[in-house]
Amino acid sequence: FEDNSFDAYTISFGIRNVTRMEDALTEAQRVLKPGGRFLCLEFSQIPNDLLQRMYDAYSFNVIPQMGRVITGDRDSYQYLVESIRQFPDQETFAERIRAAGFENVKYRNLSMGIAALHSGWKICAFSPMSGGWRARARRSSERVRCPWPWRRWAHRNRSAWRRKCCSGRSSGSG
């Protein structure tokens, strides 16, 4: 898909199966229009250690057996449980989303943290893939700011910001 093509990018219970998660997140950021929203629903970790241990015991002992009885395929359900446990916790995944160039990254635990809904916004037209101001900031030790001084205003006034940001103009400064 072309850069800046979509208003929203959603993925549910699938990103944990992606081989290169950082590449998938960066690609999501690339194809979103400025002002676009990324949403990811995925299994996660329960923040309470006692409840997490109880859920792990249930997951590893009951779910694969149910899969064997219902479908005759225990291994697929064993893989499901193992892939859930290997997926990063909510904060770590939120940091990966931020590293891909998203801003205002948040998550909401569902069912006590068994699943979490992560979201982030593509605020500026420059992306790490385009070599814009964020990429320059990551490559250098100097402080690099968004070239548009009205960035904070943009958070509160999205429709006016979209008209400016989507016009494709850049200041050329870094």
Report, by residue number, each residue of the stretch 95-113 that is surrounded by 12 or more Cβ atoms within 10 Å (Cβ to Cβ) and among the small types (Gly, Ala, Ser). ALA99, ALA100, GLY101, GLY113
Considering each residue of the stretch 74-89, count those that are in contact with a strand residue (DSSP E or B) (Cβ under 9 Å, 6 or more places away or on another chain) and either among the small types (Gly, Ala, Ser) or open to solvent by 80 Å² or more (accessible area, probe 1.4 Å) (or both), and give that number. 1
Matching residues in the stretch 18-70 - criterion: being more than 22 Å from GLN86 (Cβ to Cβ) and of a type in the set (Lys, Arg): ARG30, LYS33, ARG37
Scan (1) part of a helix (DSSP H, G or I); (2) touching a Leu at 6+ places or on another chain (Cβ under 6 Å) for the single condition SER119 breaks and write down its number. (1)
Just a yes or no: is a residue in the stretch 127-136 over 21 Å from the mean Cα position of the chain (by Cα) and at pLDDT below 95? yes
So which residues in the stretch 80-107 are in a helix (DSSP H, G or I) and touching a residue at least 24 places away in the same chain (Cβ under 8 Å), if there are any at all? SER83, ILE84, ARG85, GLN86, GLN90, PHE93, ALA94, ARG96, ILE97, ALA99
Can you report the number of residues in the stretch 1-17 which are under 15 Å from PHE102 (Cβ atoms) and small (Gly, Ala, Ser)? 1
Could you grab me the full set of residues in the stretch 64-102 that are among the hydrophobic types (A, V, I, L, M, F, W, C) and in contact with a Leu (Cβ under 7 Å, 6 or more places away or on another chain)? ILE97, ALA100
With respect to THR92, is the statement that it is surrounded by fewer than 13 Cβ atoms within 10 Å (Cβ to Cβ), under 16 Å from the mean Cα position of the chain (by Cα) and modelled with pLDDT under 95 true? no
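The values are calculated or read from the model by the stated rules, or taken from the named source; none is laboratory data. In this text the structure is predicted, and so the values were computed from the model without any measurement. Heads up, the Cβs are rebuilt from the backbone with ideal geometry, glycines too, and the neighbour counts pull from every protein chain shown. With ligands, DNA and RNA removed, areas are computed over all heavy atoms of the protein, side chains included. Shrake-Rupley method; radii C 1.70, N 1.55, O 1.52, S 1.80 Å.
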